[in-house]
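The values are calculated or read from the model by the stated rules, or taken from the named source; none is laboratory data. Every value quoted in this text rests on a predicted model; they were computed, and no experiment measured them. Ideal geometry is used to build each Cβ from the backbone, glycine not excepted, and the neighbour counts take in all protein chains shown. Surface accessibility is based on the protein's heavy atoms, side chains included, excluding ligands, DNA and RNA. Shrake-Rupley method; radii C 1.70, N 1.55, O 1.52, S 1.80 Å.
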Amino acid sequence: MPLLEISDLRKSFRTPEGETQTVLDVPTFSLETGQQIALRGASGTGKTTLLNCIAGILSPTSGTVRLDGHDLATASEPQRDALRARCIGYIFQTFNLLQGYTCMENVLLGMSFGRGPDTDAARGLLDRVGLSHRLHHRPGQLSVGQQQRVAVARALANQPLLVLADEPTGNLDPHNAREALQLIREVCEETNAALLIVSHDPIVLDQFDDCQDLAELNHAAQEVAA
Amino acid sequence: MTWWMIIRNSLRQHALSTAITALSIGLGCGLLMAVWVVNFQSQRAFKNVTGGFDAILGPRGSQTQLVLNSLFHMDASPGLINRADYETFRKSYKRFYRNAVPIAVGDNFQGYRIVGTTHDLFAAEHSPGEPYALAVGDYFIRNDKQWNKEAVIGDTVARKLGWRVNQKFNPYHGLNFAEGQQPHKDEYTVVGILRPTGTPADHVIWIPIEGLQQMDGHDSQYAGDVSAVLIQLSTNTTARAFGMNSLDGIYNKGTDHLTFVKSTADVVARLFDRLGWAEKVLRWVALLVAVVAAGSVLASIYNTMNERRREFAILRALGAGRGTVFGVIVLESATIAALGAVIGFAVYAGIMFAAESILRNEIGVTLHPFEQHPVMIIVPFGLVALGAVVGIIPALKAYRTDVAENLIPQS
């Protein structure tokens, strides 16, 4: 059974004019444990909405999103929160680190709602991403590349089954982008976590053997393009 | 641990508003506790310092003034009871009382009142269950046939004037000290210093009543008069009630020149009733300060909600439930109130020490700042609970934060 299995997923929003707009219509998609897939998608193709539906942040309008045997579409919000904390690591384009917290605290917070804070494990993760000398620095005291490394460490804090990465290199220069991507892929391989990355950055997409076009996957995006 | 980490970081990031809010809560908390405790302890102290004297016979005038002058050694003396009236009372109504101690006032030393009395006064209790006791020296007289120019002084007098046994002094005329005034020629010697009583007696220089009556410069025609008679009524309930009513009729209704205070405790209670409005105003002001302070907790947290929406969205994306962010805000609000309550104890201590010092120095009544009172539990915990309640409003805002919308940075 695949780790992630999507079928007939639709997500619609109500526009300010009162009309219903469907931004996501994915008939089928699946991801195996340990598999790494890149989804190519330009702005407005529903990348973030898809990842938010998979993460249980958004509730689908219809269809099923089955993660590790649990259907996120029918789960209650607290159940989705718990599943997200336990099974998913999320890496954002803007990192979304908490500015008032140190690197260590950011990683500990990532653990807090899942397996629980573990200082030694957090230190080990930061060491793995090359930040053992920056444990007590705040994000504002780090370079952009270092901030992304903290975000990677935080995403892996709960030993997730699935890592979602939304334009993880969007704010990085080419050199840092390659390094960050390599790091994400390596740590996912080491922990056997599946990786679903959405990007429109060729530097990212060229690295993946399994690269799919989100516009083809998402029928709603095709309708908008047409 | 996680909740505290989030709360600690938030308080640190908003340190200035947290400090100001906690200070305002502390002010309200401290004021509320102090008003309550000062009122409670001062009432108790004033009621206790009647020294077991239930009644007073004095010259015609205000009962309150008679009590203040005779027991609290404050206010002006309402006048004198002539020797004949005093002797009549002592001989004719002995069945109504078990102890009657005359006092005479009219002199001072540097503002400390000199009170003439008999040795019987020291046989009474200055507070319930606490008799007078000497710290050093001896009492001035032990029989009715002899008196010497000797004085027994209260603890405050000894400390403030730096007096010891064998100190000599000349009394000044009047109840208040005036610079440049010439003292009486009579020289007195301190023979004993009383242990602290925590009552106005600590401020008094006690001398034999004959000494004050016959002081150089006092009119000899009043030599046998007294300022008041402090009375301990009979312990027999029937005799006591009969005595109170009889003496009330005899002196208050049957004469035009004497006043009988049949219950010193009632007069003190009436005095506090009259001052009750001031205490009520203070209590309402303190309550208002506390409520405004609680409102400031709400305002300070609510104002940070917009800038913290992204923080809540990130926490939610990490797996925190709505209940977690709601609880964090409520707890944060309660924590600010708790910090305020801690500051409140410092404010309380400051007010109490100031009030204690003023009351002790001016009146001689002692307060006990560290004595426990239920209000010291109720007010701080009440404010923490109030802090948690007002935290519900911003917490609801945090609860409703849209995660997907707020994960995107707002420019």
Candidates B:ARG400, B:ARG310 - the one that is within 14 Å of another protein chain (Cβ to nearest Cβ), under 30 Å from A:ALA82 (Cβ atoms) and exposed (fewer than 15 other Cβ atoms within 10 Å of the Cβ): B:ARG400
What strands (runs of 3 or more DSSP E), lying completely within region A:137-226, carry at least 3 residues that are crowded, with 16+ Cβ neighbours inside 10 Å? A:162-166, A:194-199
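For every residue, the table says whether it meets (1) open to solvent by less than 40 Å² (accessible area, probe 1.4 Å); (2) under 19 Å from B:LEU121 (Cβ atoms); (3) at pLDDT below 85.
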{"site": "B:VAL191", "(1), (2), (3)": "yes, yes, no"}
{"site": "B:ASP202", "(1), (2), (3)": "yes, yes, no"}
{"site": "B:ILE207", "(1), (2), (3)": "yes, yes, no"}
{"site": "B:LEU212", "(1), (2), (3)": "yes, yes, no"}
{"site": "B:THR235", "(1), (2), (3)": "no, yes, yes"}
{"site": "B:SER246", "(1), (2), (3)": "yes, no, no"}
{"site": "B:TRP277", "(1), (2), (3)": "no, no, yes"}
{"site": "B:ALA290", "(1), (2), (3)": "yes, no, yes"}
Failed item in (1) within 14 Å of chain A (Cβ to nearest Cβ); (2) within 30 Å of B:ASP202 (Cα to Cα), with B:ILE351 passing the rest: (1)
In the set B:ARG44, B:ARG113, B:ARG83, B:ARG60, the lone residue that is free of Cβ contacts under 8 Å to residues at least 40 places away in the same chain and of a type outside the set (Asp, Glu) is B:ARG44
Of the residues B:GLY323, B:GLY364, B:GLY340, which single one is more than 30 Å from B:PRO196 (Cα to Cα), among the small types (Gly, Ala, Ser) and surrounded by 18 or more Cβ atoms within 10 Å (Cβ to Cβ)? B:GLY340
Out of B:VAL115, B:VAL165, B:VAL105, report the one residue that is open to solvent by 30 Å² or more (accessible area, probe 1.4 Å) and of a type in the set (Val, Ile, Thr). B:VAL165
Would you check if there is a residue in region B:257-278 being acidic (Asp, Glu) and in contact with a Gly (Cβ under 9 Å, 6 or more places away or on another chain)? no
Hand me the list of helices (runs of 4 or more DSSP H) wholly inside region B:1-84 holding 3 or more residues that are more than 14 Å from chain A (Cβ to nearest Cβ), farther than 30 Å from A:THR119 by Cα and not basic (Lys, Arg). B:15-48, B:63-71
For the structure I just gave you, tell me whether B:ARG316 is under 22 Å from B:TYR302 (Cα atoms), among the basic types (Lys, Arg) and open to solvent by less than 50 Å² (accessible area, probe 1.4 Å). yes
Note on region A:50-81: residues facing another protein chain (nearest Cβ under 8 Å) and open to solvent by less than 50 Å² (accessible area, probe 1.4 Å) are A:ASN52, A:ALA55, A:ILE57, A:LEU58, A:ASP81
